[in-house]
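Engineer: Here it is, the structure, as structure tokens.
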Amino acid sequence: QVIDCKGLHVLPGLIDPHVHLRDPGDAKVETIGTGTKAAVLGGLTAVFDMPNTSPAITDTTRLDAKRAGLAGVAHCDVGLYVGATKTNIAGLADLEHQPNVCAIKVFAGSSTGDLMVEDDENLERVMRAGRRRIAYHSEDEYRLQARKPMFTPGMPHRNHMVWRDVEAAFLGTRRLMAIARRTGRPAHILHVSTAEELDYLSDYRDIATCEVLLNHLTQTDEAYDRLGGYAVMNPPIRDARHLEAAWAAVRDGRVDCVGSDHAPHSREAKERPWPTTAAGLTGVQTIVPLMLDHVSAGRLSLPRLADLMGTGPARVYGALNKGRLAVGYDGDVTVVDMKRQRTIEESWIVSPCGWTPFAGHRCTGWPMMTIVRGNVVMREDEVLGAPVGRPVAFADTARA
Ligand code: DOR
Ligand code: ZN
Ligand code: ZN
């Protein structure tokens, strides 16, 4: 088969290493089928899926069931996170070596679901249980709880103050780094959202890699006025100072991955008044168009994007492709048109929740074709063929 790519750019297959596809548990907002369909429409060849489902992925039985559910359903390849809880710590050293596990995920602050390890004693036990790089949701639960009395029901989202408070995220990062030093366990700090954390992590590059989210590179606090509950996520969208710091870190190589933290919720849950608004924004279908738009605006180069969404996640998580430490080669390809201008429309979104915080955003640069292991799965907005997605293989795990 010959594919004409004249005038287009051919990139290694792009990966979103941070999505919540809600499967099992909440098919009204997303499933593996709809979330991976959104992914290939948006130019992604693989996603790594978070474990805070219902029930959560915290043991081999649920992990095996989730893996088995991908065949014939997933449109792109899928890596699987396993969640740490206070009660599965003894099993984590075994769980992290199960086939297709990208990482053990630790939530240090409350979020959707009830996965949480917030105290130092249990965090240290988790860090000593196993040796692969651990993925860490960096927030400090005590700090989050302490600011609850500041919440006035129904106050405008901009005024809720949470987004101004950099301490919850920074405290979470400092506490984990102290434990990482003590235990020697490498960590990947997810969704670093403050200038302070980025500065601090510069001294921990030997044990810590990090991720920045598309939202923290694209939105500032004006989003609260414009979008209300549809701007609410954890860690929160912040002001321009932090956005600039995130771009500086992306440019000088201190950031390893960019993800979407795709976290669908129903419109009803997003429109609930503060402080009961559900936290989390959709993004798996829009991350590539928006990152291409950032390329067009001169904020990063196309090779740097291919690094942040291709070789970066492969390196951080140890993703393998035919035995090599890489995703995005060997037939995983994203073809983009850097001249194509297109506006993100809500009607384009295939996630059942049906909304995007980026409706109306005009992008210069758009994914034209997604190829997964040699199969053209998306061409000019059309999803082609039966779902071919498979679980991703990782180094240091057993073979499926
Ligand atoms: O905003 C968020 N939503 N942050 C998280 O950490 C979890 C996510 C979700 O699953 O809804
Ligand atoms: Zn998180
Ligand atoms: Zn997340």
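Read-outs: derived from the displayed coordinates by stated rules, not from any lab. Keep in mind it's a predicted model, so treat the numbers as computed, not measured. So basically every Cβ, Gly included, is an ideal-geometry build from the backbone, and we count neighbours across all protein chains shown.
Engineer: For the range 203-353, what Kirkwood radius comes out of the mean inverse Cα-Cα distance, in Å?
Structural biologist: Roughly 17.0 Å, rounded to one decimal.
Engineer: Report the local net charge at ASP140: Lys and Arg +1, Asp and Glu -1, summed over other residues whose C-beta lies under 10 Å from its C-beta.
Structural biologist: Combined, the nearby Lys, Arg, Asp and Glu give -1.
Engineer: Give the separation of the Cα centroids, the range 181-204 to the range 255-300, in Å.
Structural biologist: If you average the Cα positions of each part, the centres end up 22 Å apart.
Engineer: Below 8 Å between Cα atoms, with a sequence gap of 6+, how large is the relative contact order for the range 184-223 in percent?
Structural biologist: 50 percent
Engineer: For HIS361, HIS191, what's the fewest-to-most ordering of other Cβ within 10 Å of each Cβ?
Structural biologist: Arranged by neighbour count, lowest to highest, HIS361, HIS191 become HIS361, HIS191.
Engineer: Per 0.36 nm of contour for each residue apart, how much would the distance between GLN145 and ARG299 grow if the chain were fully extended, relative to their Cα-Cα spacing?
Structural biologist: Full extension from GLN145 to ARG299 adds 51.8 nm.
Engineer: Would you be so kind as to identify which of THR60, VAL126, ALA74 lies farthest towards the positive end of the dipole of the range 43-138, taking Lys and Arg as +1 and Asp and Glu as -1 on Cβ and the Cα centre as origin?
Structural biologist: It is ALA74, whose Cα lies furthest towards the positive end.
Engineer: Given points 7 Å out from each Cα along the Cα-Cβ axis, report the ASP114 to SER202 separation in nanometres with one decimal.
Structural biologist: 4.3 nm
Engineer: Still on this structure, please answer the following. Quick check on the range 357-400: what are the equivalent-ellipsoid semi-axes from the Cα gyration tensor, as sqrt(5λ), descending, whole Å?
Structural biologist: Working from the Cα gyration tensor, I get semi-axes of 29, 16, 10 Å.
Engineer: Name the shape class, rounded, prolate or oblate, that the alpha-carbon gyration tensor gives for the chain, where a ≥ b ≥ c are the square roots of its eigenvalues, rounded holds for a/c under 1.5, and otherwise prolate holds if a/b is larger than b/c and oblate otherwise.
Structural biologist: rounded
Engineer: Let me ask something additional. Would you kindly state how much longer the chain becomes between ARG342 and ALA240 on full extension, computed as 0.36 nm times their sequence separation minus their alpha carbon distance, in nm to one decimal?
Structural biologist: Taking ARG342 through ALA240 to full extension adds about 34.2 nm, to one decimal.
Engineer: Give the Debye-formula value of log10 I(q)/I(0) at each listed q (0.22, 0.27 Å⁻¹), with one equal scatterer per alpha carbon of the range 120-172, two decimals each.
Structural biologist: -0.87, -1.10
Engineer: If you don't mind, another one. Charges only on Cβ, +1 for Lys and Arg, -1 for Asp and Glu: so what's the dipole of the range 72-231 about the Cα centre, in debye to the nearest 20?
Structural biologist: Using only the charged Cβ atoms, the result is roughly 300 debye.
Engineer: Hey, another quick one. Which of the peptides 147-159, 44-56, 25-37 is most tightly packed, and how do the rest follow, going by the mean number of other Cβ atoms within 10 Å of each residue?
Structural biologist: Per-residue Cβ counts within 10 Å, averaged per peptide and sorted highest first, yield 44-56, 25-37, 147-159.
Engineer: Rg and Dmax of the range 170-223, Cα atoms, in Å?
Structural biologist: 12.2, 41
Engineer: Let me ask something else. Given a cut-off of 23 Å, name the pairs among LYS86/LYS270; LYS66/LYS105; LYS6/LYS339; LYS28/LYS66; LYS37/LYS66 whose C-alpha atoms lie farther apart than that in the structure shown.
Structural biologist: Exceeds cut-off: LYS86/LYS270.
Engineer: Taking a quarter of the surface of the convex hull around the Cα atoms of the range 127-253, what do you get in nm²?
Structural biologist: The Cα convex hull of the range 127-253, projected and averaged over all directions, gives 8.1 nm².
Engineer: Relative contact order for the chain: what percent, with Cα pairs under 8 Å and sequence separation of 6 or more?
Structural biologist: 24 percent
Engineer: Just from its helices, what would the mean residue ellipticity at 222 nm be for the chain, if runs of 4 or more DSSP H residues each count -39500 (n - 2.57) and the sum is divided by every residue, rounded to the nearest 500 deg cm²/dmol?
Structural biologist: Helix-only estimate at 222 nm: -7500 deg cm²/dmol.
Engineer: Considering only the range 251-400, what is the antiparallel percent among its DSSP beta bridges, to the nearest 5?
Structural biologist: Within the range 251-400, antiparallel bridges account for around 95 percent of the total.
Engineer: Sort largest first and round to whole Å: the equivalent ellipsoid semi-axes of the range 273-394, each the square root of five times a Cα gyration tensor eigenvalue.
Structural biologist: 25, 19, 17
Engineer: What shape does the range 43-164 have by the C-alpha gyration tensor, where a ≥ b ≥ c are the square roots of the eigenvalues, rounded means a/c under 1.5, and otherwise prolate means a/b greater than b/c and oblate the rest?
Structural biologist: oblate
Engineer: Then there is this: Can you figure out the FRET efficiency of GLU382 with LYS86, using R₀ = 60 Å and their beta-carbon distance, to the nearest 0.05?
Structural biologist: After rounding to 0.05, the efficiency reads 0.80.
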